[in-house]
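The structure appears below as structure tokens.
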Amino acid sequence: MNIAWALSFSENDLLAALARQERVAQQALYEQHYSKMMGICLRYASSRDEALDLLHESFIKIFQNIHRYQPNTSLVGWMRTIVINTCIDHHRRNARRRTEDLEEVQGFSAAEPDALSRLSEKEILDAIQRLSPVYRAVFNLYVVEGYSHKEIAEALRITESTSRSNLLKARCKLQEYLSGCQTAADNQPAKDQHTSETA
């Protein structure tokens, strides 16, 4: 298969080439969906390197299981499910089954309504990555992926009440982290806010 063909093939041609384990088709699929799938991995990982490992593990599963994909359904949706399940499996392998007492989060209060709008995407993603693996997984599954607490409990092998508790704690931690980002931004002199950062 040549590169020019790889740029113009239909989804059916792509799927046929993937079933034959053709490297050009695998590379095309990877490059086409890298950003979206990496975004999912970044939400579950504690670092970019860990996210990249999860992404690579996910694509290996996608390539190995392409024969299980049902034609005429969403290929992106099928891939997304594999990526999320890979992230959940990673969490299960590395999770510490430790839950703090609910009394620690009794002082929870709503953040300033427009605080998030003043933060960059990187600051928000950094705050999510600072969460413990347990809190990060529950937060992502509930808030981003739309799972119910029952589904989260089954996926992570925890109770529904633990899922609810961990979500509340994750939100409290995020509020704490994001408030720190906002305070730092508010305390920065106006001229520095418009200058680009140097490495």
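Compute the relative contact order of region 3-94 as a whole-number percentage, counting only Cα pairs closer than 8 Å that sit 6 or more residues apart in sequence.
28 percent
How charged is the neighbourhood of GLY146? Take every other residue with its Cβ under 14 Å from the Cβ of GLY146, and add Lys/Arg as +1 and Asp/Glu as -1. The partial results should precede the final answer.
Details: positive: ARG43, ARG80, LYS150; negative: GLU145, GLU151.
Charge balance near GLY146 sits at +1.
Once the Cα gyration tensor of region 3-94 is found, what semi-axes does its equivalent ellipsoid get, as square roots of 5 times the eigenvalues, in whole Å, sorted largest first? Don't skip to the end; give the middle numbers.
Values: eigenvalues 119, 38, 23 Å².
Semi-axes, largest first: 24, 14, 11 Å.
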Along region 162-171, what does the Karplus equation 6.51 cos²θ - 1.76 cosθ + 1.60 (θ = phi - 60°) give for ³J(HN,Hα), rounded to whole Hz, x for Gly and Pro? 5, 4, 4, 4, 5, 5, 4, 5, 4, 5
In which sequence would ARG164, ARG23 go, from the one with the fewest C-beta neighbours within 10 Å to the one with the most? ARG23, ARG164
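Rule-based calculations on the coordinates, nothing more; no lab input. Note that the structure is a prediction, hence the values are computed from the model and not measured. Positions of Cβ are backbone-derived with ideal geometry, glycine not excepted, and every protein chain shown enters the neighbour counts.
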